[in-house]
Amino acid sequence: MLELHKKYSIKEINDLKDFIIVSYVIIDDIYQNITPTYIKERRNINDCILSDSEMITISIVGELLTIDSEKAWFGFCRKNFRDLFPKFCDRSRFNRTRRALHSVIDEIRKEIASMLGYTNNPYRIIDSIPISVCKFGRARFHKTFRGYGANYGKCPSKKETYFGYKLHLLVSLNGFVTDFVLTSASIDDRKVVWDLLESYQSITVLGDKGYINSNISPELKDEKNINLIPLKRNNSKDQYPKFIRQLIFKARRRIETTASQLTEQLNIEKVLAKSLWGLQTRLKTKLLAYNLCYFVNKALGKDSDLAKIKELVFG
């Protein structure tokens with residue numbers, strides 16, 4: 001059992017309701033500390049049936065249960081969690097409020113990173129994953145995200161073309177997502193490096209071959225003292241020593257595991273959103289859910305593996 005900042009001491013979680021209660025306590029505590037007064041005391045807040053923390057908690061648990069339909073999850077909660085949430089607002093108000101809280105959701109994720117000590121960690125891994133907004137065959141007729149940055153892009157690992165966006169991730173050496181940027185699928189990974197590293201100084205970042213650029217690495221080193229170390233191509237004449245290549249390969253397996261968990265256990269590549277605002281909110285909620293499980297696992301004294309907490313809580 002681990003006490004985080006002497007505030008959270010979790011002995012065990014036996015079922016889904018236990019996890020909801022634990023999640024709510026953590027989320028609400030952070031919410032009260034980091035949320036600006038103009039949001040916490042906004043007009044008509046006292047008339048709200050569900051608090052902001054309750055809405056965020058419900059959303060997180062729904063993402064962890066891999067329920068893509070917001071309507072189905074909301075109906076399930078109203079039917080089965082009356083003891084935890086005696087009153088529910090209507091679904092449209094719930095969704096509007098949750099979308100309006102997207103910046104708060106992201107700030108909670110950042111605060112968890114700070115509480116776990118990752119803000120000042122000197123090492124990161126960088127990569128991207130595809131976010132398709134429709135089947136490729138329907139992309140030509142898709143109208144929802146036209147004019148909102150969605151475009152065609154290629155996924156090298158799957159060797160396929162898709163229509164949508166690209167999620168660029170910055171991850172710690174043990175898999176904690178510290179930062180992300182959402183761009184059009186057609187944007188080159190190297191063009192996003194500066195945006196992802198905007199708030200950083202004096203760290204080392206490991207990337208794959210897609211981040212090779214003769215200009216980026218020296219500029220990052222000169223301006224921000226950041227070492228960007230991409231894998232070299234097989235035909236490169238200036239290869240790293242073997243032990244360095246092995247260290248990079250080993251470290252990069254971590255971000256591949258993180259991407260796999262986000263994809264297979266949180267369905268991050270399958271977001272049923274009807275607007276860019278809704279898409280961003282769902283993505284931020286999924287990333288917060290992922291990091292919250294990491295946080296809870298730490299408090300339980302377990303490995304930081306999303307699969308472990310999901311197996312424990314959801315069976």
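The values are calculated or read from the model by the stated rules, or taken from the named source; none is laboratory data. Only a predicted model underlies this, so the values are computations on that prediction, with no experimental measurement involved. Cβ atoms come from the backbone with ideal geometry, glycine included; neighbour counts cover every protein chain shown. Note: accessible area is taken over every heavy atom of the protein model, side chains too, but ligands, DNA and RNA are not part of it. Shrake-Rupley method; radii C 1.70, N 1.55, O 1.52, S 1.80 Å.
Listing for the model above:
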{"item": "Index of the failed condition, Asp106 passing every other in (1) charged (D, E, K, R); (2) surrounded by 18 or more Cβ atoms within 10 Å (Cβ to Cβ); (3) in contact with a Cys (Cβ under 9 Å, 6 or more places away or on another chain)", "result": "(3)"}
{"item": "Residue match in region 242-257 (condition: in a strand (DSSP E or B) and without any contact (Cβ under 8 Å) to a residue 60 or more places away in the chain)", "result": "no"}
{"item": "Complete set of residues in region 164-177 that are open to solvent by 10 Å² or more (accessible area, probe 1.4 Å) and touching a helix residue (DSSP H, G or I) at 6+ places or on another chain (Cβ under 7 Å)", "result": "Leu173, Asn174"}
{"item": "Any helices (runs of 4 or more DSSP H) falling wholly within region 10-84 and containing at least 3 residues that are among the small types (Gly, Ala, Ser) and at pLDDT 85 or above", "result": "52-64"}
{"item": "Scan of region 182-227 for residues that are under 12 Å from Asp127 (Cβ atoms) and crowded, with 17+ Cβ neighbours inside 10 Å, ordered by number", "result": "Asp189, Val192, Val193, Leu196, Val205, Leu206, Gly207, Asp208, Tyr211"}
{"item": "Condition met for Arg282 (surrounded by 15 or more Cβ atoms within 10 Å (Cβ to Cβ), part of a helix (DSSP H, G or I), modelled with pLDDT of 85 or more and among the basic types (Lys, Arg))", "result": "yes"}
{"item": "Answer residue from region 109-143, given it is open to solvent by less than 30 Å² (accessible area, probe 1.4 Å) and of a type in the set (Gly, Ala, Ser) and is nearest to Val192 (Cα to Cα) among those", "result": "Ser128"}
{"item": "Odd one out for Arg233, checked against (1) in a helix (DSSP H, G or I); (2) open to solvent by 100 Å² or more (accessible area, probe 1.4 Å); (3) among the basic types (Lys, Arg)", "result": "(1)"}
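For (1) closer than 27 Å to Arg252 by Cα; (2) over 16 Å from the mean Cα position of the chain (by Cα), each residue gets a yes or a no:
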| site | (1), (2) |
| --- | --- |
| Phe88 | no, yes |
| Glu107 | yes, no |
| Asn121 | yes, yes |
| Phe145 | no, yes |
